[in-house]
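First comes the structure, then the notes that go with it.
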């Protein structure tokens, strides 16, 4: 059943960078054009101070992951399907001198609510396929083709934010869908829901957490390096695999596929 988001629902989604009125934006569909993507990455590289466009591509997908978070939150918490086709989503471009944490908007903001007589597992499957197979997979594939960055890095950039959504943001939710949706997304969904895959590309990243004495907390160590440490701030993620491999402050192989990725493939 088609409807519009309520004011309260828009406020809830705003936390995940949903904005109904962007002053400046680009259409995500344009990024599938190689020349447009190259120009976008060149601008992003300069704006965030990345050393290479490959690093910029990784940071881009880390920011892009919030579109997936937004879509999954709407599915799980609101029982609503956002229209996230690439041609329907707008995103704020990067600007020099500003932190790039882009908001997203929908050209067609109509949503599909789960009908009272609908089969929720089938409806959920259609939501996930539209998000992953028809949006995230083409974007990741185009980035791999354009700058040669490993899909393993890009998928993990997406995965860590999905884990955060279900393990932190929705952890104490009374919503009965939360645990079931997370289990299905990570452990049960077949590969084709995510694109041209036989196996679920997220499952490999769902590893046991490790206790870090220096932080006094359990974290899930990444299996790939996202290259964030190469930005001007020079900071590593607390889950960085390279820190836990060598403790030398550097990836073994610079910006190319590092030892963490190589041992993972």
- Message: Quick check: the angle from helix 53-78's long axis to the longest principal axis of the chain, C-alpha only, nearest 10 degrees?
- Response: 30 degrees
- Task: Based on the mean of other Cβ atoms within 10 Å per residue, sort peptides 64-75, 195-206, 2-13 so the most packed one is first.
- Result: 64-75, 195-206, 2-13
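As a check on your grasp of the helix formula, calculate [θ] at 222 nm for the chain: sum -39500 (n - 2.57) over DSSP H runs of n ≥ 4, divide by the residue count, round to the nearest 500. All intermediate terms of the calculation are to be shown ahead of the outcome.
Values: 9 runs with 105 residues, N = 265.
Counting only the DSSP helices, I get -12000 deg cm²/dmol.
Compute the normalised compactness of segment 105-173: alpha-carbon radius of gyration over 2.2 N^0.38 Å, N being the residue count. Present the calculation step by step, with values, prior to reporting the outcome.
Numbers: Rg = 15.3 Å, N = 69, 2.2 N^0.38 = 11.0 Å.
Compactness ratio reported: 1.39.
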- Helix 34-48 versus the longest principal axis of the chain: what is the Cα-based angle in degrees, 0 to 90, to the nearest 10? 70 degrees
- Return one number: the angle in degrees, 0 to 90 and rounded to the nearest 10, between the long axis of the Cα atoms of helix 120-131 and the longest principal axis of the Cα atoms of the chain. 50 degrees
- Note on the structure: With T = 20 °C, eta = 1.002 mPa s and Kirkwood Rh from C-alpha pairs, the Stokes-Einstein D of segment 21-122 in µm²/s is about 143 µm²/s
- Over what distance in Å are the Cα centres of segment 78-97 and segment 1-33 separated? 5 Å
- Item | Spatial extent of the chain: Rg and Dmax, with the Cα atoms as the point set, Å | 18.3, 57
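All of the numbers you see were taken from the coordinates with simple rules; none came from a lab. Computed from a predicted structure; not experimentally measured. Cβ: placed from backbone, ideal geometry, glycine included. Neighbour counts: every protein chain shown.
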